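Just below is one structure, and these are the notes that go with it.
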Amino acid sequence: MNYGIKFSKGKVDIFTADIKNQQVFNSGNYVEKIKEIFEIAVTTSQDFGHGLNYTPVVIAYGTVNNVDTFCETDNYEVTLASGLNGSVIAYILFQAGS
Amino acid sequence: MDYGIKFAIEEKNALTSINPRDFLIWSKYKDFKILKKANSSLLISTGNLVATQQIAHGMGYPPAYYAWVDLQNNGKFYMLETNSGVQVGSVNAHSTDTSAADNTNISFRGVRDASVSDEYMPFAYVIFDQRGIGTFGGNDRPIGYVKQDYGIKFTQGKNVFDSKIYEQVINSNCELLNYHATRTIGLSWDNSSNGTNSATIIHGLGYVPMFLVWGNFGSSAPSGFNKDRLLPIGQIAQPFTSSAWADTNEIQIEIGWAGGGSSSGIFNARVVVFTNAMLI
C-alpha cells in the first residue's frame, strides 16, 4: 500500500523501513490497543466484567509461577486467580479478540 | 471531552465511530511499546538437564515481557512454559518453565530429558513498557536502550517533554506491538486412551512473528474445565498438555492427554499473530 501513514523507528529511512523490525506504526496495521488493565493483590480470586460482547485475549502476569496463577476470559468477564494470595495483572486486548 | 489522536481504518469515520476496533490508533488507549527486542541462546551443558537463563533488564520494576524458545534448535520457537513433547511419557522432550520477572531480571529455565552433550536453545525476548506485577519505579527503559532526542512522541494528558515511555502513546524509538491476524482452529481429543493431536496455521510472513495462543474446550469441555474460558497455551491443566511454536511459515499447536477416561471433543485454539518479528 503506497498511501497512508508510516513512522519509522529511530533513524531508519521511512521509504525502506520493513514492517517486522523497523516501523513504529504503519496505517496498514492495527496497533494492539489495551482496553483495560485489571489487577488483584493478595487476593485468591476475583472476576472483572470487561464489557465486550466477545471474548478478548489477555496478557497476564502473576507473582507466583504460571502454574499457580491464572487468568481466564469469556464473553463477559475476566477471572484472575492466585493460588497463594498473590498478585496478578491482566491486560485486556482489543484487537486480538473475537 | 474527546481529544487526542485517532487513526480510523478504511471506510470508518474517525469523527463518529465509537468502536475502538475501528481505529488503528486511538490515543486514549494504552498500548505495548517494545523497549527492547533481543535474541540469544541458552546453553544446557554436558551432564546437566536444566539451565536457567537470567537477563538483567535495568528497569527497577518487573516489566511485562515475553520470550519464545527454539527448544530443539531447529527454527521452531515455542511459547514459554510449553514442551516439545506433549505426549504422555514423552522421551527427550524439551521445555521451559519457571519463567519470571522481578525488579532486576527476567528469567526462565530450559529443561531437557537427556544430558549427553552441550545443547543450545536459541531464544528471542521482548521487554515492553508496561509493567508486570508491582508498581512502576526506577527507570522507564531497559539496559541497552538508547535515548533519542529526535523523532515523534505523543502523550495524552501528560507533558510530552517529561513523560515516561509508559505514559506515551507513541514514541518513535520504540516499535508498537502491531496486530496482524487472529486464526482459530480445532483439535480433536479422546481420552479413552493416551493421545496427541496437532494443527497448523500458515501465517506465510516469511519471518518468525511474535505470536501467542489461547484455547478452550467449548461445549465438549471435560470434567473440571469451564467450557467457555480461554486459557493460554501451556497453562491448560492436567491431564492435558499443550504447546505452540512458530517458524518462518507456520504456527503449530499441539495437545496431548492421558487416557483412562470416556470423553472426547474439540479443543479450540485461538492463534494471535503480531506483525512484529521475533528475530532481529
Averaged over peptide B:64-71, how many Cβ atoms belonging to another chain are found within 10 Å of each residue's Cβ?
1
Positive-end residue of A:12, A:57, A:34, charge dipole of chain A with Cβ unit charges
A:12
Using a 10 Å cut-off around each Cβ of peptide B:22-28, what is the average number of partner chain Cβ atoms that fall inside?
4
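Please compute the contact order of chain B in relative form: average sequence separation of alpha-carbon pairs under 8 Å and at least six residues apart, divided by the residue count, as a percent. Before the final figure, lay out the partial values.
On the way: 687 pairs, mean separation 59.8, N = 280.
Once divided by the residue count of chain B, the mean separation gives 21 percent.
As an exercise, find the ratio Rg/Rh for chain A from alpha-carbon atoms, using the Kirkwood inverse-distance average for Rh. Don't skip to the end; give the middle numbers.
Details: Rg = 17.9 Å, Rh = 15.4 Å.
Reported Rg/Rh (Cα atoms, Kirkwood Rh): 1.16.
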Ranking B:82, B:160, B:223 by how far each Cα lies towards the positive end of the charge dipole of the protein assembly as shown (+1 on Lys and Arg Cβ, -1 on Asp and Glu Cβ), the top one is B:160
Normalised alpha carbon radius of gyration of region B:16-156 [divisor 2.2 N^0.38 Å]:
1.29
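Does chain B come out rounded, prolate or oblate, given a ≥ b ≥ c as the square roots of the eigenvalues of its C-alpha gyration tensor, rounded meaning a/c under 1.5 and, failing that, prolate meaning a/b above b/c? Show your work: numbers first, answer last.
Values: a/c = 2.23, a/b = 1.38, b/c = 1.61.
In terms of gyration-tensor shape, oblate.
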Any number yet on Rg/Rh for the protein assembly as shown, C-alpha, Kirkwood?
0.96
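Within 10 Å of each Cβ in B:234-242, how many Cβ atoms from other chains are there, averaged over the peptide?
Working: counts 2, 7, 0, 2, 0, 0, 0, 0, 0.
Mean partner-chain Cβ count within 10 Å for B:234-242: 1.
When a footprinting reagent is the concern and you count Cβ atoms within 10 Å, what order do B:42, B:177, A:93 take, fewest first?
Numbers: B:42 20, B:177 26, A:93 23.
If I rank by nearby Cβ atoms, fewest first, I get B:42, A:93, B:177.
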Per-residue counts of other Cβ atoms within 10 Å, averaged by peptide: what ranking do you get for B:268-274, B:248-254, highest first?
B:268-274, B:248-254
Check residue B:208: other-chain or 5+ apart residues with amide H under 5 Å from its amide H, H built from backbone geometry?
B:278, B:279
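FYI, it's all coordinate maths here, none of it is from the lab. Given the structure is predicted, the values throughout are model-derived calculations rather than measurements. Please note: Cβ atoms are built from the backbone with ideal geometry, for glycine as well, and neighbour counts cover all protein chains shown.
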